[in-house]
Structures are given as C-alpha cells and as structure tokens.
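Remarks on the structure that follows.
The values are calculated or read from the model by the stated rules, or taken from the named source; none is laboratory data. In this text the structure is predicted, and so the values were computed from the model without any measurement. All Cβ positions, even for glycine, are placed from backbone atoms using ideal geometry, and neighbour counts span all protein chains on display. Just so you know, the surface numbers come from the protein's heavy atoms only, side chains and all, with ligands and any DNA or RNA stripped out. Shrake-Rupley method; radii C 1.70, N 1.55, O 1.52, S 1.80 Å.
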Amino acid sequence: MKSLFRCLVMGILFFSCVGNESPDKQVEQDGKLTISLVPGYPASALDFWVIVHDLDGNPIAHQQISSGGAMTVELDDSKRYHLTTYMKTENVGYQTELFETYADLSVVEDITLGLVPIPSPNPTVNGTFQVDFLENELPFGAYLTSSSGGYNSEANHLGTRLEMTMNRFEGVSDYLLVAKLNTGETRYKKLKITEQGMKLAYKFSDLVDFDQVFKFKKSDFSQFYFTSTALNKVDGDFRPSYIVNSNKIGNSFDPQSEHEMGFLNGIEYFDIQISGRRSANSKTSFFYWRIGTLPNSITPPVETSIQVQSQTIADFRFNAPVGITNWSAVWDHSDPFTGEPFKSLRWFVNGSETSLKLSLPEEIVALNPKLQNLDDFRLESTEIITHSMSYDEQMRVKLVEPAKPQAMERSSIWQSFR
C-alpha cells in the first residue's frame, strides 16, 4: 500500500512535478556534462556517488561527490545517457543503500541534483477556533480548511458530536467546513473567523450543496480515495487554498453507495487527485492527477496488467501500452528483517523507453557483495504513466531548472510484482 499512495504524498509537493518549459531551448553543445549537487544535498549521507552510463548501460564515468560539489564528464552531448546516483545512510538500527536512475536523459544542459521548488509562504498562526459538527445519523465525517490551505489539526468524535480545533491564521478570515453523511452526500459552509477562540456549531442541514458533484459508484471500486484542493493563481504561480473535498482527511468512512466529489463554481483552478483499485485481489491500482480548470468529467484509468518480458535491472523489458510517456520501477535487495540493524538496499528507476540495461563500475561493486550480481535484485513494482508533459520536460524541471507550476494532467497504472 505504500506504493499505492506514494504519488498522493508527492501530490502535496506538486510544484516539483509540473512546468511548461521546453527542453528544446537552444543550448550550445560543448562536448561535456557537469553534474552539480546543491549545498546541503544529500543530507546525512555517508557516501554519495554519481554514475553516467551509455544507453547500453555501461558506466562511462563515476565519481564520489560531497554536498555542493560537482563532476564534469566529456561526452557527446547530442546523445542520450543514463544517470545513476548511489547513496548510503545510516541511522540507529537502520542502514540504507539507495540507487536512483534517470534513464534516457538528454544532456544538452548541465544537471543539478537536489533541486527543490520554493514553497509557498506559510501564514502566521494566531490562536485557534473550534467548530462542533452535530448529526444524529451515524456515521458522518467533517473537517475544516482555510483559504491559505491546510486542515484542522485536532478532531474528537464524541458520539453524535465531532469537535474540531483549527488554527486561525494571521490575515486569514475565510475558512470552510466540509461534512458528509453515511450516504456519501457532501455539503459545505463558508465561515468568517474574525477572532481567535471562536466556538461554532452546525448540523448537516445548515450546510449548502456543492455547485458541481462528480459521483463514483462504490461498487465499482474496492478502494477509492480522492482530494480536490482549490488553487489561487498569484503572479503566475499556483498556490494551494481550501481542500474543497476529500475522503482522506478527517474521520473518513466508506459511503453506502457512491463517492461524491464536490466543486465550487467560484473557484477556477483545482488540484485533483484520485487513486484506488477496482478489485480487492488485484495487484494493480490507478492514479489520476490534474492541475488546472475543472474538466467536464473524470474517468479513472482502467487497470491493465503490465506485461514484463524481463524483470532484471540488468536487462529490463516490457510491453508499453499505446500513449504512455514514461514509467518508473522499483527493485529490492534488502536483507530479511531479523532484528537490528535492518539493512535496506533498493533501486528506483525512471525511464521512457521500454527496455533498459544497467551495470555498475567495479569501484562501486566492491562496496557491497550484493552488487556483484544485479540479477539478484527483485522487481517490486512498476508504474506506467501518461503525462501531458513529455518525459524530457518532466526531467528538465527535476534535474535542470525547476519551472513555475503550470496546468497538467497525469494518469498512471501501478502494478506490484510481489
């Protein structure tokens, strides 16, 4: 289940995943590639290596780099290459070795590792306020959210009363109460909080129907999770606002017949995320993510089995459905857990082609006997992705220059191989 919700967690940091910069901008080819690490990255690493491979997976350059350092490789920068990082960390009772590969990269521009977007400023907390939601019929759920984002940090369910405590932010008076009944019906109420310590109470009948509602039959899914966050566009940037509707926060529960996802007409832009699976016994699940205006309808991706011909990281091959832009996969070679210290060895790969070969330089193989045979890594999961941005655009805003967030749409199918 960690892999199922990995993208939802990432969705909170959507600024790092969207952009509209062209990777085809005119950059002079100079016959070399410089790979830099931002100061402070990677944090707490005992070792950090960078490896450049040709498209046959052969390592053509590698170097150990410290935070803020760089390496330069002479190569034909009209061609594509694979880039792998190897990091070793150690905490009390836990040793981690992590490989991460970005395959099929354009290297016309230099690469910077450890790039992070500039986050939206957090408003200052100035006290709290309380809202009680009262309803006779059980179960029911509710949460509070603000025009600057976030939701209530505390909720106590006492019989037919739900007591919620929410931070009151300096300069922010607009808040939203969202509640739902066991039928799945969802309503809202806009609140004006003008001073700290206010105490309010509402019933479901006091709330208002959403302007637009998308409904999804519960019987069609064994799991179904969604969140819709309003976005404000400030100086060309999207910034999170109200969590307009979600069944992932608050005291969530399954509705009787339908999942209802409501929207407000006064909001132009949304960050919409939906994940789940249709069959309880399936090893596949889906994820849908859209940043932009509200579409006329939303149809979650249909899970189809990912046909893999070769599962090894040294020679990975699969059949790609029509229309996918890229993929990611995870391999594992961790020790069985028998007590501390637990030793984790994993390899994450992002790519765009349907085949991949990788090998390691002898200097790195010598660091761990488990690296002598890469066929011993077991494929854990694969995700195939259809994105409104090209693979080059996605990699550019991750490895070259974070772009301002722009409208995008992403759908994917994730499959476990365990």
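Numbers below:
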quantity: Scope segment 28-46; condition more than 26 Å from the chain's Cα centre (by Cα) and either in a strand (DSSP E or B) or within 24 Å of Lys357 (Cβ to Cβ) (or both); matching residues; calculated: Lys32, Leu33, Thr34
quantity: Residue in segment 408-417 that is of a type in the set (Lys, Arg) and not in a loop (DSSP other than H, G, I, E, B) present; calculated: yes
quantity: Tally of residues being farther than 15 Å from Asp392 by Cβ, open to solvent by 50 Å² or more (accessible area, probe 1.4 Å) and in contact with an Asp or Glu (Cβ under 8 Å, 6 or more places away or on another chain) across segment 77-91; calculated: 1
quantity: Residue in segment 357-368 that is outside any loop (DSSP other than H, G, I, E, B), in contact with a Pro (Cβ under 9 Å, 6 or more places away or on another chain), of a type in the set (Gly, Ala, Ser) and in contact (Cβ under 8 Å) with a residue 60 or more places away in the chain present; calculated: no
quantity: Which listed residue is at pLDDT below 85, open to solvent by 40 Å² or more (accessible area, probe 1.4 Å) and aromatic (Phe, Trp, Tyr), from Phe14, Phe5; calculated: Phe5
quantity: Neighbours by Cβ (under 8 Å, 6+ apart or cross-chain): first from segment 134-162, closer than 23 Å to His259 by Cα; second open to solvent by 60 Å² or more (accessible area, probe 1.4 Å) and of a type in the set (Phe, Trp, Tyr); calculated: Tyr143/Tyr151; Leu144/Tyr151; Thr145/Tyr151
quantity: Breaking point among (1) open to solvent by 50 Å² or more (accessible area, probe 1.4 Å); (2) at pLDDT 90 or above, for Pro139; calculated: (2)
quantity: In segment 142-152, the residues that are open to solvent by less than 10 Å² (accessible area, probe 1.4 Å), touching an Asp or Glu at 6+ places or on another chain (Cβ under 9 Å) and either at pLDDT 95 or above or outside any strand (DSSP E or B) (or both); calculated: Ser146
quantity: Single match in Lys398, Lys404, Lys343 (criterion: in a loop (DSSP other than H, G, I, E, B) and among the basic types (Lys, Arg)); calculated: Lys404
quantity: Filter result (surrounded by 21 or more Cβ atoms within 10 Å (Cβ to Cβ) and assigned to a loop (DSSP other than H, G, I, E, B)) within segment 380-395; calculated: Met389
quantity: Residue match in segment 102-123 (condition: within 30 Å of Pro336 (Cα to Cα), out of contact with any Asp or Glu (no Cβ under 6 Å at 6 or more places or on another chain) and either in a strand (DSSP E or B) or open to solvent by less than 20 Å² (accessible area, probe 1.4 Å) (or both)); calculated: yes
quantity: Segment 55-67 residues that are closer than 11 Å to Leu37 by Cβ, paired with ones that are open to solvent by 70 Å² or more (accessible area, probe 1.4 Å) and assigned to a loop (DSSP other than H, G, I, E, B) (beta carbon under 7 Å, 6 or more apart); calculated: Ser67/Pro39; Ser67/Tyr41
quantity: Total residues in segment 316-330, condition buried (at least 16 other Cβ atoms within 10 Å of the Cβ) and assigned to a strand (DSSP E or B); calculated: 7
quantity: Those residues of segment 229-244 which are polar (S, T, N, Q) and in contact with a Leu (Cβ under 9 Å, 6 or more places away or on another chain), in sequence order; calculated: Ser241
quantity: Residue within segment 331-341 that is open to solvent by 10 Å² or more (accessible area, probe 1.4 Å), within 22 Å of the chain's Cα centre (by Cα) and in contact (Cβ under 8 Å) with a residue 40 or more places away in the chain present; calculated: yes
quantity: Wholly enclosed strands (runs of 3 or more DSSP E) of segment 216-313 bearing at least 2 residues at pLDDT below 95 and either open to solvent by 70 Å² or more (accessible area, probe 1.4 Å) or within 18 Å of Asn182 (Cα to Cα) (or both); calculated: 223-234, 237-246, 258-263
quantity: Single match in Gly57, Gly68 (criterion: surrounded by 15 or more Cβ atoms within 10 Å (Cβ to Cβ), assigned to a loop (DSSP other than H, G, I, E, B) and not charged (D, E, K, R)); calculated: Gly57
